[in-house]
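Step one of this worksheet: look at the structure below.
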Amino acid sequence: MAKKVGTCVNIDCDNYKQEIEVEPGGEFECPLCHQPLREKTTGPGPDGGGKKLAAIIAAVVVLGGGGYGVYSYLNAGEEPKTVVEEPKTPPTTPADTATVAPEKPEPVVAEPKAKEPAAKPQVQNGRGTVDLGYGTYTGELKNGKPHGYGTITYKKEHKIVSSKDFVAQPGDTFEGEFRDGRISGLGYWKHDGNQTAVKP
């Protein structure tokens, strides 16, 4: 039986790429690193058929390159086409397509209206009209408050002077002198077709 010839393929071994002869029946491995050897094929020629393999590889490269050249020649001037695949959506199941009832909006609960503060007048000083909440004042103003001579037209029941029993009803008027938003002098309360003099 003939000896086998192999090549060590372990890059760290001193026998790397060395031809090693192995006795028949012996282990087909490198005697230094004990890694399996690559069997050397024998064939016609001194390189064991290596020229034949190189010729086949060269032919494939030439034919492949030539094929690409023909393809390039036939498609000259065309822009390369890019194929973009659409993302695949998973099939829907009945559970996926179940309808969800729209959320009902929470009812808006109206908060009880607090007593609205008097609207700020457009005119702060001089003559103008201001809403006092219980009535509307028209007359002279200072810092947005009744100050000077003016008239209140009442919108709801209200005591004219807090220390007296004069209570105006909606539609009644009081005409007189004011200081810093309060009645300050003799005035006249008109109600039910009557006129009453009121003094603070």
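Suppose we filter the stretch 105-158 for residues that are open to solvent by less than 50 Å² (accessible area, probe 1.4 Å), among the small types (G, A, S) and at pLDDT below 90; how many remain?
Selection size over the stretch 105-158: 5.
Any chance you could count how many residues in the stretch 128-163 are small (G, A, S) and not in a loop (DSSP other than H, G, I, E, B)?
5
Take the stretch 169-182 and flag every residue that is over 59 Å from the mean Cα position of the chain (by Cα) and not in a loop (DSSP other than H, G, I, E, B).
Hits for the stretch 169-182 are T173, F174, E175, G176, E177.
The values are calculated or read from the model by the stated rules, or taken from the named source; none is laboratory data. Here the structure is a predicted model, which is why all the values come from computation and not from measurement. These area figures cover heavy atoms from the full protein model, side chains too; ligands, DNA and RNA do not enter into them. Shrake-Rupley method; radii C 1.70, N 1.55, O 1.52, S 1.80 Å.
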